Each structure stands twice: as structure tokens, then as C-alpha cells.
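This report refers to the structure that appears directly beneath it.
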Amino acid sequence: MASMFQKAGDALRGHSENTNSEQEEEGASLTTILETAEDRGALTLLICDITEIMRQRLLSTFDPNETGNGESDLLATGDDLGGEAGETANASQQTQQSTLEKQNAELAKREKEVNEESMVELKSSLLNFFDDWRDNVILRVGEAVNSREAAENQSRHPKPETSTSNIESSSAGLKTDEHTAKIDEVLRELYLPVETSLRSLDQSKKILILHSMLLLMLSLEHYNAYSRILLLYCTTSLRLSVKVLSEDEGKVAKGLLMAAKHMSADEETKKKAEENSMARKWKMGAAGVAGAALIGITGGLAAPFLAAGIGTVLGGIGLGATATAGLLGSLAGSSVLVGGLFGAYGARMSTQAMEKYTRDVEDFAFIPTRQSSEDETALHRLRVGIGISGWLSDANDVVLPWKTLDESLETFALRYEVEALESLGNSLRTLITSLAWKFAKSEIIKRTVFAALTAGLWPISLTNAGRIIDNPWSIASQRAQKAGEVLADALINKAQGERPVSLIGYSLGARVIYICLQQLSKRKAFGLIENVVLLGAPTPSSSAEWRRIRSVVTGRVVNAYSTRDYILAFLYRTNSIQFGVAGLQPVLNVKGVENVNVSDLVEGHTLYRHATGPILGRLGFEDANFHELKHEERLLKEQEEEERQKREEAGSIYQPPDDENAILDASNDEIRRLEDEKQQSKQSRPMRQSRPMMRVQESKE
């Protein structure tokens with residue numbers, strides 16, 4: 001991959017690797033790649049078509065007729081109602097009538113939901129934000145290929161056609177594997193290839209077109225989630241592997257940071273003075289919320305002022321230095337703008353920068369999941385991932401689960417309320433391996449999880465065991481609520497810079513994400529979030545709330561649930577179950593929400609810790625680390641076996657007769673013993689907790 005873009009550029013220039021510096025500076029450009037007016041027009045048309053498809057996807061979120069469920073779901077319900085009576089024509093008609101009435105009632109409910117004043121306002125704000133972004137993108141692309149007028153005309157009459165044939169991605173020059181092939185397949189289904197004549201161009205040209213589009217997106221002085229999704233559509237439409245885009249993003253990030261690092265203070269001062277004397281053509285709200293900065297958008301091709309600077313660094317990727325600097329616009333000449341893109345080179349996500357949030361949430365910080373012995377800039381990427389754990393076995397569990405995310409993301413683990421999450425983790429392990437749970441489980445599995453939840457049909461032994469878990473769960477849940485609000489605040493204030501963010505969390509970590517997205521929706525902060533994956537979420541599954549979530553996430557919204565997670569059902573029993581439980585069931589009637597049943601992997605809530613990686617692999621998640629997934633699969637099996645053995649040991653100690661009262665007495669004895677142990681552990685915990693906190697304080701200094 002290191003030489004793939006270089007070879008593409010050499011192929012277009014017709015030069016060998018010994019090309020002199022003057023030729024390298026001129027090099028290939030977007031207009032030399034697209035030699036004819038037809039090809040240049042095809043690019044602007046492709047962008048217009050893709051952005052129109054993206055807009056239609058936004059509209060479908062608020063369309064009551066677009067449920068994403070499939071007609072078979074409702075019809076299956078009707079078939080079940082028919083039963084044996086369906087053998088008669090009369091009964092069949094009654095069943096169809098009942099199904100139709102149910103569908104009409106559900107449609108009326110959805111229509112009422114999307115026509116609420118707050119939902120209409122949300123839709124309007126979203127479309128206004130998107131249209132501003134789209135206009136700037138189309139005009140910028142039009143200027144880059146010298147066809148601004150054509151771009152404007154094409155944007156008014158888009159007629160996108162998606163490919164219906166099975167198109168395989170090409171990854172020439174890349175080492176691919178089964179995992180990459182699955183990701184490409186998943187992304188082709190999510191971002192259907194748009195018909196374009198550019199697909200027939202040489203591989204080298206298509207690679208450089210995608211590279212040029214990335215630079216053009218960065219020239220807007222941000223790389224928001226919509227820009228990233230646009231590039232995914234370009235990737236599938238040009239029949240390229242997503243690995244081409246991902247590795248290009250990594251190299252561009254490195255090039256930007258290297259060039260910015262070598263800009264002198266005098267050059268920067270001079271450049272800023274020149275910029276301030278020029279009128280900006282467009283202004284665009286970055287978040288549409290109070291406190292968000294206005295982002296200036298450069299109009300026209302920037303002058304090639306940095307042939308020896310950023311253009312040369314990135315010119316090695318394939319385009320000439322002058323062309324590269326021109327595509328990047330003002331970003332090519334300002335270390336301040338580059339710093340803003342990367343969140344002041346990562347400083348905004350540092351522990352020191354997060355101190356202001358610790359008033360609301362104890363120990364709130366973004367912890368990098370990787371360390372580098374080289375220059376810190378080696379870890380920076382154009383995209384950010386944040387993993388959030390739902391409970392902790394120990395402090396290491398803040399970071400370890402998120403090693404499953406690969407280096408295509410600059411990944412952080414969110415640390416918050418460590419003491420509360422450790423207390424919850426200890427209580428969960430105590431409950432899941434207790435005698436009370438062993439005997440209660442044999443009873444509750446005779447019913448569905450929702451029968452137990454809605455009817456409150458919990459065995460007395462388990463209800464008594466609630467004394468172990470209820471308080472830690474309640475405390476941690478409240479802290480997760482606050483952490484979600486604080487996370488939203490940090491993202492709106494651009495702790496991540498001007499880069500798209502993907503959020504992944506399990507259990508209460510998923511609740512943190514849920515609350516965060518609700519806050520972003522409330523504050524109309526669009527374009528910040530690329531993908532979200534919620535695993536075993538202890539949150540409502542109501543369509544209204546998830547519709548709001550869908551509005552602020554540009555890419556994938558995944559709800560992974562298990563119908564066998566009786567622990568989550570038991571913990572959630574005191575909540576408003578009439579609004580559903582996302583971690584136990586699919587989210588219905590919201591277009592664009594992916595529901596994934598992971599019951600075969602997750603039989604109990606505690607298994608999500610090691611099931612996270614395998615679930616991401618099953619999803620074909622673009623940023624999953626394949627090698628770590630295999631490791632997590634082994635740990636998941638080991639955890640299942642360990643919990644089973646502990647339950648067996650608990651049963652062998654007591655061995656009560658097969659009598660409900662005897663079982664209850666034995667369970668209560670165990671609960672009292674466990675409560676005593678927990679109290680002793682709690683009393684000794686402050687001494688153990690003080691040491692990590694001291695390390696945090698030392699790092700701040």
C-alpha cells in the first residue's frame with residue numbers, strides 16, 4: 001500500500017521513479033486524470049447523485065411508511081393469530097382483516113410521531129445542515145474540475161441510479177483476506193454503488209480520483225461524518241476496496257501532520273495575515289449549536305503556495321505537489337487549521353483538557369488505546385473511535401475491550417466513574433455465579449424473558465439476591481446518564497477536532513452513548529457521528545427515541561440484543577418496560593437501524609465484555625481488528641466455562657434437597673455471606689482506589 005498511490009501517479013505521468021523534482025511538482029492533477037469534459041462531468045454527476053441518495057436516506061428516517069421491518073414481520077404476526085382456524089376461508093378473512101387493522105393502527109401511530117412539533121423541527125434543521133454541506137461539496141468539486149456551472153446544473157436535477165448487478169470490489173496492490181472481503185460486501189449493501197462511467201477507467205485513475213476527493217473534502221477545513229459517507233459511496237461506486245480509502249486516510253493524516261510540524265512560526269504568521277485580508281465566500285455552521293465555531297470554506301482553487309511544504313509531502317502519494325496543495329486549499333498552508341482538524345493535535349482529548357468535565361462526572365477522560373514510542377503524530381488519524389465499557393472487573397477493563405478496534409481509527413476508551421463501575425462489575429460476577437442465580441435460572445428459562453419482565457415472575461430466591469446488585473446498578477446507571485450528557489458536550493465542543501466519531505459501547509456503556517445521542521439530537525448537532533454500535537443496551541427501544549438517534553448518526557446505527565439476557569431483564573425490572581428494552585429486542589419502525597440478534601453468543605449480560613469483538617466481526621464492522629477478534633472469541637469461551645464452573649461449585653457446597661423452601665433457605669444463607677464479603681471488600685477498597693487516582697494526578701502535572 002505504501003507505494004500504491006505513488007505507482008498510480010507514476011503510471012498517469014508516464015514517468016519512472018527517477019522523475020526529477022520539477023516533474024514531480026507538476027505531476028498528475030484531477031484535470032489530467034479526467035482528460036475529457038465527459039469524464040469531468042461524470043465526476044460532478046456522481047457526487048450529485050450520491051448526495052441526493054444521502055438526502056433521501058435522511059428523509060426516510062422521518063417517513064412513517066419507511067419502517068425497515070419488512071412486510072413479512074407484520075404478516076407473520078397475522079399468520080400466528082390465525083392458528084388452526086386459518087383452515088377455513090372465514091377465519092382467513094378475519095385474520096387478514098385483523099392484520100390490516102393492526103398495520104393501519106401502527107401507521108397512524110408513526111404518522112403522529114413524525115408530525116410532532118419537535119420531530120418536524122429536528123427534520124428541518126437536519127435538512128438545512130445537510131443542504132449547506134452538499135452545496136459546498138458540489139461547488140468545490142465543480143471548481144476543482146473547472147465545471148462549476150455544470151456542477152450547479154447537475155445538482156438541481158439529480159437522477160441517481162444504483163447498481164443492481166453484483167459488483168465486486170477491486171483491491172489491486174493490496175493484501176486482502178476473508179475479513180476484508182466481508183467488510184467490502186457489507187459496505188456495498190449499505191452504500192449501494194451508483195452507476196457511473198468512471199467505473200470503467202483504469203485502476204490507477206480510480207485510485208487517484210478517490211484520493212483527490214479526500215483532499216477536496218479536507219479543503220472544506222473539516223472532515224465531518226457526511227464527507228466520510230460520501231467517500232464510502234465513491235469507493236463502492238468506483239469498484240474499489242474500502243481498504244484503499246482507509247489506508248489513504250492514514251497516509252494523508254500522516255502527511256498533514258508532518259507538513260504542519262515543519263511550518264515555521266514566521267511562515268504561519270505571514271499566511272494568517274494573508275488569509276485575514278481575503279473575504280471568505282461561504283460560512284457554514286459546524287454544529288448548529290451554541291458555542292460551536294463557524295467554519296470558513298475556501299472558494300476556488302487555492303494558489304500553489306507550498307510546493308516545498310505539504311504539497312510535496314502528500315505529492316508522494318500520487319498527485320503532484322502543486323495539484324495536492326491546490327486541492328487542499330487553505331488547509332495546505334496553515335498549521336492552525338491542521339491543528340483544528342486533529343483537535344489541536346490530540347490535546348483537546350487529553351486528561352488535562354477534560355478536567356473541566358470532572359465537576360459533573362468523576363474521573364472523566366479519554367484514554368488512548370495505543371501508545372507509540374515514535375512521534376505522537378504517528379497515532380493520529382482522520383477518524384476517531386470511542387469505546388465505552390459498561391462495568392469493570394478492574395481498571396484495565398477501561399481500555400482492554402477496545403483493542404478490538406484497529407488502527408484505521410484513532411481510538412480512545414472513555415474513562416468515567418471507575419469506582420462505581422468496579423462495584424457494579426463485582427456485583428454482577430457475584431450474582432451470575434451465585435447459588436440463587438443457578439436455581440432461579442432453571443425456573444425463569446421456562447418462560448420468555450418478556451413474560452418474566454412484564455409479569456414480574458421472578459423467583460423469590462432471585463428477588464432476595466437483588467440486594468446484592470440493585471444498588472450498584474442504580475448508582476452506575478445514574479452516573480452513566482450524566483456521563484452521556486458530558487460526552488455530548490465534549491463532542492459539540494470539538495474535543496475530537498473536525499473529525500467524524502464512531503461510538504461503541506456495551507451495557508451501561510451503550511447507555512452512555514444513547515444519552516449522548518439524545519443530547520446531540522436535542523441540540524441539533526449534526527455531522528459529528530459516523531457509526532454507533534450499542535450492545536446489550538439498558539435503554540428504551542421506542543421508535544421516537546431511536547428516530548432521533550438515527551438523525552444524528554450519518555453511517556451505521558446498530559442495536560445488538562439477546563433474548564436470553566435474563567440478567568439485563570432482571571436489572572431493568574424497575575424501569576418503564578412499556579417503552580421496551582433495546583438490549584432484549586429489536587428496535588422497530590425506524591428506517592436505518594440495524595438489529596442484530598446475538599442470543600447465540602450472549603446468554604448472560606456479563607458475556608458482552610468478551611463478546612464485543614466477535615459481534616463486531618459478525619457485523620462486518622469496518623474498523624474491527626481481525627486478529628483481536630480471534631483472541632476475544634477464545635476469552636469468551638473461557639469466561640462461559642468459568643461462570644458455569646463457579647455455579648456448579650456453589651451448588652455442590654449447599655446441595656439442598658429438591659424443595660423450594662430448602663433452596664430458598666440455602667440461597668438466603670449464601671446471600672448473607674456474599675453481602676458480608678462485599679461489605680468487607682468495600683471497606684478495603686479506598687486504599688486500593690487511592691493509588692490509581694494518584695497516578696492520574698501525577699500525569700496531569
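The values are calculated or read from the model by the stated rules, or taken from the named source; none is laboratory data. The structure presented is a predicted model; accordingly, all values stated were derived computationally and were not measured. Glycine also receives a Cβ, built like all others from the backbone with ideal geometry; neighbour counts cover every protein chain displayed.
A few comments on the model shown:
- Unmet requirement for T563, which otherwise passes all of (1) outside any helix (DSSP H, G or I); (2) hydroxyl-bearing (S, T, Y); (3) touching a Pro at 6+ places or on another chain (Cβ under 7 Å): (3)
- Qualifying residue in region 33-40 (condition: charged (D, E, K, R), outside any helix (DSSP H, G or I), over 30 Å from G527 (Cβ atoms) and modelled with pLDDT under 50): no
- Residues (more than 22 Å from C234 (Cα to Cα), of a type in the set (D, E) and either part of a helix (DSSP H, G or I) or modelled with pLDDT under 95 (or both)) located in region 95-145: E101, E106, E111, E113, E117, E121
- For region 584-610, a residue qualifies if it is touching an Asp or Glu at 6+ places or on another chain (Cβ under 8 Å) and of a type in the set (D, E, K, R), and the qualifying residues are K591, E603, R609.
- Qualifying positions in region 502-519 - surrounded by fewer than 24 Cβ atoms within 10 Å (Cβ to Cβ) and touching a Lys or Arg at 6+ places or on another chain (Cβ under 8 Å): Q518
- One residue alone among A483, A476, A465, A510 is of a type outside the set (V, I, T) and at pLDDT below 90, and that residue is A465.
- Any hit, region 498-520, residues being free of Cβ contacts under 8 Å to residues at least 24 places away in the same chain and part of a helix (DSSP H, G or I): no
- Taking residues in region 603-617 that are outside any helix (DSSP H, G or I), and partners anywhere that are small (G, A, S) and crowded, with 24+ Cβ neighbours inside 10 Å, the pairs with Cβ atoms closer than 9 Å and at least 6 places apart or on different chains are E603/S562; G604/S562.
- Taking helices (runs of 4 or more DSSP H) as the structural unit, those lying wholly within region 202-268 and holding at least 3 residues that are farther than 20 Å from G320 by Cβ and touching a Ser or Thr at 6+ places or on another chain (Cβ under 8 Å) correspond to 225-237, 242-261.
- Within region 160-199, the set of residues being among the charged types (D, E, K, R), modelled with pLDDT of 65 or more, out of contact with any Ser or Thr (no Cβ under 8 Å at 6 or more places or on another chain) and in a loop (DSSP other than H, G, I, E, B) comprises E161, D177.
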